[in-house]
Amino acid sequence: MIAEEIQRITAQLPHGVRLVAVSKYHPAEAIREAYAAGQRLFGESHAQEIQPKHEALSGLEGLEWHFIGHLQTNKVKYIAPYVGLVHSGDSPRLLAEINKQAQKAGRTIPCLLQLHVAQEETKFGFTPDEAMAYLDSGEWQSLTGVQLAGVMAMATNTDDTEVIRNDFSRARRFFETARNRYFANDEAFKELSMGMSDDWHIAIDEGSTLIRIGTQIFGQRQYT
Ligand SMILES: *Cc1c(COP(=O)(O)O)cnc(C)c1O
């Protein structure tokens, strides 16, 4: 079933859109199954969970880990040596810490700015105004261990597709404005991470380049 879902989703992806298989709360065995089906890109949202999986699966060639959940600054050091992309760059303080740990690890870590565009209060992230103020500040330009690579957003948790579309559209407009203003000559700023199991078709319509899908591939999460 995991293999079938992966094939079903990837067959529908337009050129330039990649699937992040969100394996949080699923065992390493489920990741092996997805890997056998050709999936290489996996998303996890807890530092204490990604670390043992990374170690258990280190023999799998080409496996790439993305961090997608809120990242506490004191946990950055555990994932800095190997994480391929942090989707959840949600504060200047976190980006500064990722910079520090990346330098210690002798790396540059690609990070997305996580935008808060949903109506719920609880989600982390910059509002579009805060994110633009951060870019305007120029602070990020001294973070040589961080490569800003685009924007991540989650839509409001609702059945109203117009609300979802509007949230994604705001994220896309921010992404385009930021790219034109600060990254016109930087082709690494290219990712728009949006879309989960229930809304990824809309996200792709609105320009997503990375969809993050858990439940549709792996089923209900197995432990919490
Ligand atoms: C869990 C999670 C997902 C995947 O959600 P599903 O609804 O299971 O597809 C995507 N993005 C983030 C940030 C998540 O925490």
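Observations on the model:
- One residue alone among ALA30, ALA56 is over 17 Å from GLY84 (Cβ atoms) and open to solvent by 40 Å² or more (accessible area, probe 1.4 Å), and that residue is ALA56.
- A count restricted to segment 1-22 and to residues that are buried (at least 18 other Cβ atoms within 10 Å of the Cβ) and part of a helix (DSSP H, G or I) stands at 4.
- Among the residues of segment 180-200, those that are part of a helix (DSSP H, G or I), more than 11 Å from the ligand (Cβ to nearest atom) and in contact (Cβ under 8 Å) with a residue 12 or more places away in the chain comprise ARG181, TYR182.
- Residues of segment 7-23 that turn out to be within 15 Å of TYR35 (Cβ to Cβ) and within 18 Å of the chain's Cα centre (by Cα), as a count: 6
- Some residue of segment 120-142 being open to solvent by 50 Å² or more (accessible area, probe 1.4 Å) and among the aromatic types (Phe, Trp, Tyr): yes
- In segment 59-73, residue farthest from the ligand (Cβ to nearest atom) [restricted to those that are open to solvent by 10 Å² or more (accessible area, probe 1.4 Å), among the aliphatic types (A, V, I, L, M) and without any contact (Cβ under 8 Å) to a residue 60 or more places away in the chain]: LEU60
- In segment 201-224, the qualifying residues are those that are at pLDDT 95 or above and of a type in the set (D, E, K, R), and the one that is farthest from the ligand (Cβ to nearest atom) is ASP205.
- Test set (1) surrounded by 15 or more Cβ atoms within 10 Å (Cβ to Cβ); (2) assigned to a helix (DSSP H, G or I) - TYR25 fails condition number: (2)
- ALA105 touching a Leu at 6+ places or on another chain (Cβ under 9 Å) and at pLDDT 95 or above: no
- Evaluation of ALA149 against (1) open to solvent by 70 Å² or more (accessible area, probe 1.4 Å); (2) under 20 Å from LEU85 (Cα atoms) (one fails), failing number: (1)
- Looking only at residues in segment 38-54 that are in a loop (DSSP other than H, G, I, E, B) and within 15 Å of the ligand (Cβ to nearest atom), the one that is farthest from ASN74 (Cα to Cα) is GLN39.
- Residues within segment 74-98 that are under 16 Å from GLU49 (Cα atoms), away from the ligand (no atom under 16 Å from the Cβ) and open to solvent by 10 Å² or more (accessible area, probe 1.4 Å), tallied: 5
The values are calculated or read from the model by the stated rules, or taken from the named source; none is laboratory data. Not measured: the values here are computed from a predicted model. Ideal geometry is used to build each Cβ from the backbone, glycine not excepted, and the neighbour counts take in all protein chains shown. Side chains included, ligands, DNA and RNA excluded: accessible areas come from the protein's heavy atoms. Shrake-Rupley method; radii C 1.70, N 1.55, O 1.52, S 1.80 Å.
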